Amino acid sequence: MSRIVIRGLGVATLLVGILMGTYGTQTFATAVGLAGTGGTLTVTDCRIDVSYSDRARDRDRKADERRETRRCWGQFKATDGSDIDPQHELASDEARPGDRIEVRDNGTIYMEANAGSVAGGAAIVLIALGMFLLGGLVAATGLYPSPVKPAQLQRFNAAVRALPCGRTAAWTWLGAWAAGLLGFGLAELF
């Protein structure tokens, strides 16, 4: 692959990181209460949607390829009285009809105000930062890291170390991804 193509892929990765970071920042700000409209969603109905991975065949579906998503609907009422939505959806594992759940509406989604939402929003921002840095390093060096090709990985590492602040960017990239994965794990735990 030519260095021009590799640099182009690096720029594309950098741009995806920016877009993902924009979404993640909005999600994180909503989760911590800095954005959106706070209010209460009164649950009226719930159902479980079942889906299977693309690898599962209709005749040969395995339980580990099954994914269940619990969706609930209800009426949202803003705390300040500025907004009422008579029928809006919320993905929730614990909600039951009749429950009143504190949520925040950012115009796109309703989010429960809990630690899992905060961890998930932070994880999106951190993974986006990692993508941004990786894309920048690939675009700057014209090389990409390949764990299955040790020589390619060594050339990439040497080129990154030669950049001003290259080591800092590489460690930040790896740290952001590690922290992002931890954040996604915490979001599932909470």
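Remarks
- In order along the stretch 170-183, the phi-based Karplus estimate (6.51 cos²θ - 1.76 cosθ + 1.60, θ = phi - 60°) of 3J(HN,Hα) comes to 5, 5, 5, 4, 5, x, 5, 5, 4, 5, x, 5, 4, x Hz; Gly and Pro are listed as x.
- L181 versus S82: modelled label distance in nm, points set 7 Å from Cα along the beta carbon direction: 4.1
- Approximate shape of the stretch 39-190 as ellipsoid semi-axes (Cα gyration tensor, √5λ), whole Å, largest first: 41, 23, 12
- Per-residue ³J(HN,Hα) for the stretch 97-106, Karplus 6.51 cos²θ - 1.76 cosθ + 1.60, θ = phi - 60°, Hz, x for Gly and Pro: x, x, 5, 10, 10, 6, 9, 10, 10, 9
- 3J(HN,Hα) from dihedral phi, the stretch 151-166, Karplus parametrisation 6.51/-1.76/1.60, rounded to Hz, x for glycine, proline: 5, 4, 5, 5, 5, 4, 4, 5, 5, 5, 4, 6, 6, x, 6, x
- Max mean-square fluctuation residue, GNM over the chain, Cα-Cα springs under 10 Å, options S51, S92, S117: S51
- Charge dipole (Cα centre; +1 on Lys/Arg Cβ, -1 on Asp/Glu Cβ; no other charges) of the stretch 80-163 amounts to roughly 1060 debye.
- Shown for the chain: cysteine residues without a partner Cβ closer than 4.7 Å, namely C165.
- Relative contact order %, the chain, counting alpha carbon pairs below 8 Å whose residues are six or more apart: 29
- Simple spin-label estimate for M1 and E89 in nanometres, 7 Å along Cα-Cβ: 3.5
- Computed with a 1.4 Å probe over protein heavy atoms only, the accessible surface of the stretch 69-116 comes to 58 Å² per residue.
- Residue among A151, A113, A12 with the largest mean-square fluctuation in a Gaussian network model of the chain, springs linking Cα atoms under 10 Å: A151
- Label-to-label distance for T108 and L189 is 2.7 nm, based on points extended 7 Å past Cα in the beta-carbon direction.
- For the chain, a Gaussian network of Cα nodes joined below 10 Å ranks R100, R67, R155 by mean-square fluctuation, and the top entry is R67.
The values are calculated or read from the model by the stated rules, or taken from the named source; none is laboratory data. Keep in mind that what you see is a predicted model, and the values were worked out from it rather than measured. Neighbour counts run over all protein chains shown; Cβ positions are idealised from the backbone, glycine included. Just the protein is used for accessible areas: all its heavy atoms, side chains included, with ligands, DNA and RNA removed. Shrake-Rupley method; radii C 1.70, N 1.55, O 1.52, S 1.80 Å.
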